[in-house]
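Here's the structure we're looking at; comments come further down.
The values are calculated or read from the model by the stated rules, or taken from the named source; none is laboratory data. Just so you know, these numbers come straight off a predicted model, no measurement behind them. We place every Cβ from the backbone using ideal geometry, glycine too, and count neighbours over all the protein chains shown. Accessible surface is based on the protein model in full, side chains and every heavy atom, while ligands, DNA and RNA are left aside. Shrake-Rupley method; radii C 1.70, N 1.55, O 1.52, S 1.80 Å.
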Amino acid sequence: MPLMNETVDILGYYDKSIRPQDPDDNIFSLGQILERIQTPAYRWPIRNREERTEISSQKRAIIHARDGGLCRYCGDGGHLLTVDHIIPRSAFPADKLHIADRSDNLISACWDCNEGKSNYENDQRKKMGVTVACWDCTNHAHDDEREDRPCAPHLAFCGRCGITRVPDLSWIL
């Protein structure tokens with residue numbers, strides 16, 4: 001919806017409220033109009049200009065599997081997907097780039113949405129991280145009663161079995 005950039009003069013007043021004759025008529029209250037006005041878009045600050053490292057094809061594939069093979073911005077899945085940083089990589093200080101490239105800050109996005117977002121703030125929140133294989137998959141034992149099974153408080157998406165839990169963030173790609 002376009003922004004309202006100009007003012008208007010009120011030419012008259014109605015004595016009774018206007019009711020749409022057809023349910024498809026688009027008559028909005030002032031409150032509804034104000035809700036539809038877009039707020040200004042803000043950019044993330046640029047804190048580093050470090051060279052990017054390639055995201056592995058394995059990590060990309062698991063992220064796309066976690067996101068259902070759909071662009072998480074527009075919901076389209078009919079074309080080639082990219083991996084986008086939810087919080088832009090350039091917004092992280094140089095000593096925190098390992099967090100910027102972690103899978104919980106990466107999301108599946110189509111080319112148009114990824115390029116259109118640039119480094120603008122958006123309403124996406126960090127996602128669950130991904131791991132190639134969880135503890136259960138690597139130990140071939142799904143017995144919750146095993147004494148050597150570690151406590152796993154962090155939710156993650158396992159590339160082998162789907163949603164699982166991992167013991168610590170070092171398991172997250």
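Quick notes
- So R125, is it among the basic types (K, R) and either surrounded by fewer than 13 Cβ atoms within 10 Å (Cβ to Cβ) or within 30 Å of C161 (Cβ to Cβ) (or both): yes
- Test: residue in the range 68-79 that is within 20 Å of R52 (Cα to Cα) and loosely packed, with under 14 Cβ neighbours inside 10 Å: no
- Filter result for the condition that a residue is touching a strand residue (DSSP E or B) at 6+ places or on another chain (Cβ under 6 Å) and open to solvent by 20 Å² or more (accessible area, probe 1.4 Å), over T82, T138: T82
- Where R125 falls short, out of the listed (1) part of a helix (DSSP H, G or I); (2) farther than 16 Å from H64 by Cα: (1)
- Test: residue in the range 3-19 that is at pLDDT 80 or above and either in contact with a Gly (Cβ under 7 Å, 6 or more places away or on another chain) or open to solvent by less than 90 Å² (accessible area, probe 1.4 Å) (or both): no
- Tabulated pairs, the range 104-120, first free of Cβ contacts under 8 Å to residues at least 40 places away in the same chain and part of a strand (DSSP E or B), second open to solvent by 30 Å² or more (accessible area, probe 1.4 Å) and among the basic types (K, R), C-beta under 7 angstrom, 6+ apart or interchain: A109/R72
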